[in-house]
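Single-structure report; data block below.
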Amino acid sequence: MWLLGVSQVVESKNGDWKVGDVLEHNATKWQDYNVLDTAALARARRLDQNSGLPLSTALGVLGMPGTNFFFFVSLDKNRLLTESILHLICKKV
């Protein structure tokens, strides 16, 4: 399964990426280390480690469940399912 992830370069044979660089990309897997090819690196975004924000914000401030729900809401044109889901969520709280 491919995931959106934040990674730190520990070894590089690519001149554009040096050891210590932090990047956000959608070519990560659920494992400790990944090897990214040139195509995957071309889609990667270098993160500013001095921004003062946690690196996790690169994945979205809503988190994975919130991001999925936001995407679902954008597809639900009639808002019928969205209202039903929100009603169920609010009842659980």
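The values are calculated or read from the model by the stated rules, or taken from the named source; none is laboratory data. If you're wondering where the values come from, they're calculated on a predicted model, not measured in any experiment. With ideal geometry, Cβ positions are generated from the backbone for all residues, glycine too; neighbour counts draw on all protein chains shown.
Working only within the range 1-48, note down all residues that are in contact (Cβ under 8 Å) with a residue 12 or more places away in the chain and more than 26 Å from Asn68 (Cα to Cα).
Listed by number, the residues that qualify are Val9, Val10, Asn14, Asp16, Trp17, Gly20, Asp21, Thr38.
If we keep just the residues of the range 42-74 that are surrounded by 12 or more Cβ atoms within 10 Å (Cβ to Cβ) and small (Gly, Ala, Ser), which is farthest from Gly15 (Cα to Cα)?
Gly60
How many of the residues making up the range 48-73 are over 17 Å from the mean Cα position of the chain (by Cα) and either assigned by TED's automatic domain parsing to the domain that holds Gly5 or modelled with pLDDT of 75 or more (or both)?
Adding up the residues that qualify gives 3.
Of the conditions (1) at pLDDT 75 or above; (2) out of contact with any His (no Cβ under 9 Å at 6 or more places or on another chain), Arg45 fails just one. Which one is it?
Single failed check for Arg45: (2).
Examine the range 18-41 for a residue that is surrounded by 11 or more Cβ atoms within 10 Å (Cβ to Cβ), at pLDDT 75 or above and either in a helix (DSSP H, G or I) or out of contact with any strand residue (DSSP E or B) (no Cβ under 9 Å at 6 or more places or on another chain) (or both), and state whether such a residue exists.
Within the range 18-41, one or more residues are surrounded by 11 or more Cβ atoms within 10 Å (Cβ to Cβ), at pLDDT 75 or above and either in a helix (DSSP H, G or I) or out of contact with any strand residue (DSSP E or B) (no Cβ under 9 Å at 6 or more places or on another chain) (or both).
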